[in-house]
Amino acid sequence: MDSALLLRLIESVHGEGVRLEYVSGMPYWEMMPGARHHDALMSIWSRLTSERKGSGDCGCFPYAELTLGFPDGSVKTPDLSIFCERPKEREGLVHLIPEAVVEIVSPGYERKDLEIGPAFYLAQGVKDVIVFDPRSNLITHFRRDGVRSSTAPDAFELECGCIVPISPVD
């Protein structure tokens, strides 16, 4: 599909309360998330830090709901993308692969967030995928070398060195 046309379609439905993603040739629709989802996202974003145990120069730049274009033509809008540097594209699709992605599970979209998304992101070069379900407080951390599950509160050191604390949401 033509990326300019796809981006226009994605942007046109965004204001209608729908999120459209195009993953490995398949379209995925999702209703825009509710208040609990946003509270969880803002809580994670506000606590994200570049203070790390290891060395490195990752700036830990978080972006909420940034639309990403991937080399295979897929377009996704993770709840939170974490980069070591600011993306150069200031409008439209961002083609820089994030170091990490955080997804907040919305009711009815568990399969998309826990099965489809993590495998896709890892295959595209994202190093860490964290999926948080604010209703159960279950956190699943996906990496190429395996999967770790825990419950909030917990904190995760990403491969890039950034720390992602996750707390329960009321």
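A few comments on the model shown:
- Accessible surface of the chain, 1.4 Å probe, proportion on carbon and sulfur as whole %: 53
- Per residue accessible area in Å² of region 56-170, where ligands, DNA and RNA are left out and the probe is 1.4 Å: 42
- Taking amide H positions as modeled 1.01 Å from N, with prolines and chain starts lacking one, the residues under 5 Å from GLU99 and 5 or more places away or on another chain are ILE82, PHE83, CYS84.
- For region 110-116, backbone phi angles converted through the Karplus equation (6.51, -1.76, 1.60; θ = phi - 60°) give residue-by-residue couplings of 4, 4, 4, 7, 9, 10, 6 Hz, Gly and Pro being listed as x.
- Projecting the Cα atoms of PRO118, ALA64, PRO33 onto the dipole axis of the chain, where Lys and Arg carry +1 and Asp and Glu carry -1 at the beta carbon, places PRO118 farthest toward the positive end.
- Shape of region 66-136, Cα gyration tensor, a/c cut at 1.5: prolate
- Between amide H atoms placed 1.01 Å from N, distances below 5 Å from VAL105 occur with PHE132, ASP133, all of them 5 or more places distant or on a separate chain.
- The chain, helix-only ellipticity at 222 nm - DSSP H runs n ≥ 4, -39,500 (n - 2.57), divided by all residues, nearest 500: -6000 deg cm²/dmol
- Lysine pairs with alpha-carbon atoms under 25 Å apart, the chain, spacing 8 or more or separate chains: 6
- A full extension of the chain between MET32 and ARG144 corresponds to an added length of 37.4 nm, given 0.36 nm per residue minus the alpha carbon distance.
- Within the chain: Cβ-based charge dipole about Cα centre, in debye rounded to nearest 20 (Lys, Arg +1; Asp, Glu -1): 160
- 3J(HN,Hα) couplings calculated from phi for region 94-102 with the Karplus curve 6.51 cos²θ - 1.76 cosθ + 1.60 (θ = phi - 60°) are, in sequence order, 9, 9, 7, 6, x, 5, 8, 9, 10 Hz; Gly and Pro show x.
- Other residues whose C-beta falls under 10 angstrom from the C-beta of VAL102 contribute a net charge of -3, scoring Lys and Arg +1 and Asp and Glu -1.
- Global geometry of region 31-170, whether rounded, prolate or oblate, following the gyration tensor of its Cα atoms and the 1.5 cut on a/c: rounded
The values are calculated or read from the model by the stated rules, or taken from the named source; none is laboratory data. Predicted model, so just to flag it, every value in this text is computed and none were measured. Neighbour counts run over all protein chains shown; Cβ positions are idealised from the backbone, glycine included. Accessible surface areas use protein heavy atoms only, side chains included; no ligands, DNA or RNA. Shrake-Rupley method; radii C 1.70, N 1.55, O 1.52, S 1.80 Å.
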